[in-house]
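Student: Here's a structure for you.
The values are calculated or read from the model by the stated rules, or taken from the named source; none is laboratory data. These figures come from a predicted structure and were not determined experimentally. All Cβ positions, even for glycine, are placed from backbone atoms using ideal geometry, and neighbour counts span all protein chains on display. Areas reflect the complete protein model, heavy atoms only, side chains present, ligands, DNA and RNA absent. Shrake-Rupley method; radii C 1.70, N 1.55, O 1.52, S 1.80 Å.
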Amino acid sequence: MRKILGLWHSTLGKKVVMGVTGLIMIGFLVMHMLGNLQAFAGAAKLDAYAALLHGPLHEVVLLTRGVLLAAVVLHIVAAYQLTMLDRAARPVAYARKVPQAATLASRTLRVGGVLLLVFIVFHLLHFTVGSVHPAFIEGSVYHNLVSGLSRPVVGLFYILAMLSLGLHLYHGAWSSFRTLGLSQTSPHPLQRPVALGLAVVLWLGFTAIPVAVLLGWLHE
């Protein structure tokens, strides 16, 4: 236990925690996206999938949620503490900072992370709890999805959040792979094909649904 706490209190330990929890969340996002895309197969297909998750696989879902919640909390805490350590190490900012291998994703990582946290809370209240969904019907997943995203403000918020998710994944996945030694140092630090491919696929998969609802391709 002492070694674990010692690792946690080190900068390297916090980066490892962020890397591991990041990969856990990416795995969840892949499964969540594949489940959501069943909406394109119709209401019966999506509702049957949801019934399976809340029926025979309910205990697996509860375990998954517990692991995911722990991963999200540890990820946020580690990110915050690393930010504070970074600021403490350099209380006076550079007079002029010229990024050598920065991307839009890395420069917006912290702001995007806050937006995603707000989105996650709203998403749970919207589709899981239903407290901010005026037409929410327990168990009617397809109906809740289409009626919830058909409101332009809500649909556009989901699209914006998914853009932030794509950027966050692009830098976060690459950073996780590097921290955990799953990718090698490259003379071309901006060439990150695996992270780019993963980010684009997940962004497209999640964005397709609110876009399809707003355009009337998915309807009741």
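Student: Which longest run of the chain has no exposed loop site in it, a site being chymotrypsin sites (Phe, Trp or Tyr not before Pro) in a DSSP loop with at most 16 other beta carbons within 10 Å, and the site itself not part of the run?
Tutor: Values: sites that count: Tyr94, Trp217.
For chymotrypsin sites (Phe, Trp or Tyr not before Pro) (loop position, at most 16 other Cβ atoms within 10 Å), the longest site-free span of the chain is 95-216.
Student: How far is it, in nm, from the label point at Val111 to the one at Ile76 when both lie 7 Å from their Cα along the line to the Cβ?
Tutor: With each label point 7 Å from Cα toward Cβ, the separation is 2.1 nm.
Student: Continuing with the same structure: Mind listing the long-range amide H neighbours of Leu218? Cut-off is under 5 Å, sequence gap 5 or more, other chains count too, H placed in the peptide plane at 1.01 Å from N.
Tutor: Val213
Student: Work out the FRET efficiency for Val153 and Leu52 from their Cβ-Cβ distance, taking R0 = 35 Å, and round it to the nearest 0.05.
Tutor: Details: r = 32 Å, r/R0 = 0.91.
Here the calculated transfer efficiency is 0.65.
Student: Hey, what angle do you get for helix 11-36 against the long axis of the chain, alpha-carbon based, 0 to 90 degrees rounded to 10?
Tutor: 20
Student: Loop by DSSP (not H, G, I, E, B), at most 11 other beta-carbon atoms within 10 Å: where is the longest site-free stretch of the chain for trypsin sites (Lys or Arg not before Pro)? The partial results should precede the final answer.
Tutor: Details: sites that count: Arg96, Lys97.
In short, 98-220.
Student: Moving to a separate point now. Over the chain, calculate the relative contact order: mean separation of alpha carbon pairs under 8 Å at least 6 apart, over the residue count, as a percent. Spell out each step's value before the answer.
Tutor: On the way: 193 pairs, mean separation 63.0, N = 220.
Computed over the chain, the figure is 29 percent.
Student: Per residue, what volume in Å³ does the Cα convex hull of the stretch 1-83 take up?
Tutor: Measuring per residue, one finds 92 Å³ for the Cα hull of the stretch 1-83.
Student: Okay, moving on. Taking the Cα atoms only, what angle lies between the long axis of helix 58-89 and the longest principal axis of the chain, rounded to 10 degrees?
Tutor: Once rounded, one gets 30 degrees.
Student: Counting only pairs 8 or more places apart or on different chains, how many lysine pairs in the chain have C-alpha atoms closer than 29 Å?
Tutor: Details: Lys3/Lys14; Lys3/Lys15; Lys14/Lys97; Lys15/Lys97.
Eligible lysine pairs with Cα atoms under 29 Å apart amount to 4.
Student: Another question, if that's okay. I'm checking a number: the convex hull volume of the Cα atoms of the chain, normalised per residue, in Å³. What is it? Intermediate results must be reported in sequence, preceding the final value.
Tutor: Numbers: hull volume 34.3 nm³, N = 220.
Per-residue hull volume (Cα only) is 156 Å³.
Student: Accessible area per residue of the chain at 1.4 Å probe, in Å²?
Tutor: Working: 13560 Å² over 220 residues.
Accessible area per residue, the chain: 62 Å².
Student: In addition: How much of the accessible area of the chain, in percent, comes from carbon and sulfur atoms when a 1.4 Å probe is used? Let's see the in-between values first.
Tutor: Values: 9670 of 13560 Å².
After summing per-atom areas, the C and S share lands at 71 percent.
Student: Let me ask something additional. Rounded, prolate or oblate for the stretch 107-208? Axes are the square roots of the Cα gyration tensor eigenvalues, ordered a ≥ b ≥ c, and the cut-off for rounded is a/c under 1.5.
Tutor: On the way: a/c = 2.78, a/b = 2.61, b/c = 1.07.
Judged from the Cα gyration tensor, the stretch 107-208 comes out prolate (a/c at least 1.5, a/b above b/c).
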